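Just below is one structure, and these are the notes that go with it.
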Amino acid sequence: MSSPDITDREREAVADVMKTAYLSMGQYNEAFEEAFRAFTGSRHAIAVNSGTAGLHMCVRAAGIQDGDLVITTPFSFVASANVLLFERAVPVFVDVDPQTGNIDPPLVRAAILDIVSGVQGAHAWLPRRGADPARPLKAVLPVDVFGQPADFASILPLAREHNLKVIEDSCEALGATYQGRPAGTWGDYGVFAFYPNKQITTAEGGLIVTDDDEAADYMRALRNQGRAPGDTWLQHTHLGYNYRLDELSAALGAVQMSRMEELLPKRQQVADWYNERIAEIPGVEAPVIVPNTTRTSWFVYVVRFQPGIDRDAVIKALEKHGIPARPYFSPIHLQPYMVERFGFQPGDFPVTEDLGRRSLALPFSGIMTEAQVETVCQVLRKVL
Ligand SMILES: *Cc1c(COP(=O)(O)O)cnc(C)c1O
């Protein structure tokens with residue numbers, strides 16, 4: 001489905017770390033974080049060992065606690081909602097925009113206004129069970145889906161007005177811009193991820209950017225077993241985690257960051273090759289990029305089938321021709337543990353479910369050739 005873009009520079013950087021005594025908490029983490037401060041213009045960059053770890057610490061930094069309500073999207077990778085459950089908070093899912101798959105601003109607005117109006121208004125938005133409508137709404141957690149930022153110009157003013165923290169899940173959008181400003185910098189905190197299928201990789205890893213000094217100190221402490229500034233190795237001011245990124249991963253990531261202006265255009269090129277060909281295949285829609293997305297950072301290439309085409313049958317047929325393809329996303333609210341805990345049912349979020357049924361991720365990476373894209377599209381046309 002995907003493949004990292006690794007050169008000898010990355011291989012040498014990782015080998016160099018192996019020649020030192022510092023395999024954790026050293027200069028490569030610092031260099032990696034510095035690269036992100038420079039790239040995003042954020043005051044703080046905090047490297048961690050996964051995107052999920054980064055999102056989890058943002059939830060802690062936002063002061064989200066047992067029973068608190070957080071508005072988020074069911075059309076995402078599960079981690080963006082799971083981090084709320086880690087703290088026993090309640091995801092208040094709202095449906096998404098059918099074009100972009102990003103959280104739908106008018107619904108966010110309606111949900112915020114109803115929930116802050118009191119228990120009566122909150123009821124309609126909360127899960128059937130496992131939620132207390134008297135609990136406060138604390139935050140909004142939008143996801144920049146498939147490399148296209150959420151509609152922050154619509155979401156932010158209302159969040160600010162109601163004192164809600166905004167946690168931006170940019171794990172799929174490193175390098176994208178929204179109205180000219182980098183993805184990840186729109187929320188109070190933004191999180192990137194570096195699993196091998198992402199725009200850059202550290203093998204496993206993630207990173208938080210924020211301009212909030214206090215939150216940054218707190219998250220650096222949480223990352224490092226709760227050691228606050230001034231704590232010794234066995235002093236732990238907070239309940240923390242080991243969410244540190246190792247030096248080998250950081251060295252790999254620093255080289256990948258330095259290649260950003262090579263990696264993103266390569267992904268754009270592959271997406272362009274797909275766009276041209278998908279436009280010619282009846283029944284298949286190419287991804288829609290909206291004007292607010294001033295730069296798309298292609299994470300995956302997800303097409304949509306027109307109603308009537310059996311997506312799962314297409315996946316099977318593609319597989320027979322040696323072409324991997326995946327549903328993308330499977331709605332979060334219908335995952336078994338979510339249904340068990342909150343009582344969600346099919347039909348609760350119709351746009352998300354419809355996209356979930358009709359969407360298909362095709363093989364995608366920056367190292368695909370035009371001939372490979374051509375093969376995928378020819379086979380797709382044939383099986384359809
Ligand atoms: C990749 C991803 C994450 C985090 O992934 P990790 O595997 O924990 O690094 C979080 N949210 C979204 C939307 C993602 O795509």
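Each reported figure results from applying straightforward, stated rules to the coordinates on display, with no laboratory input. Since the model is a prediction, treat every value here as computed from it, not as a measurement. Neighbour counts run over all protein chains shown; Cβ positions are idealised from the backbone, glycine included.
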Per DSSP, loop GluC sites (Glu not before Pro) in region 212-289 with at most 10 further Cβ within 10 Å
280
Report the full-extension gain for the segment residue 372 to residue 38: residue separation times 0.36 nm, less the Cα-Cα distance, to one decimal in nm.
116.7 nm
Antiparallel %, DSSP beta bridges [both residues in region 125-278], to 5
55 percent
Taking the alpha-carbon centroid of each part, what is the distance from region 238-304 to region 1-64 in angstrom?
17 Å
The computed P(r) of region 260-383 puts the percent of Cα pairs beyond 24 Å at 34 percent
Kindly provide the helix-only [θ] at 222 nm of the chain, computed as the sum of -39,500 (n - 2.57) over DSSP H runs of four or more divided by all residues, to the nearest 500 deg cm²/dmol?
-12000 deg cm²/dmol
DSSP-defined antiparallel bridges as percent of all bridges, the chain, nearest 5:
65 percent
Evaluated at 37 °C with a viscosity of 0.692 mPa s, what Stokes-Einstein diffusion coefficient in µm²/s does the chain have when Rh comes from the Kirkwood expression over alpha-carbon pairs?
153 µm²/s
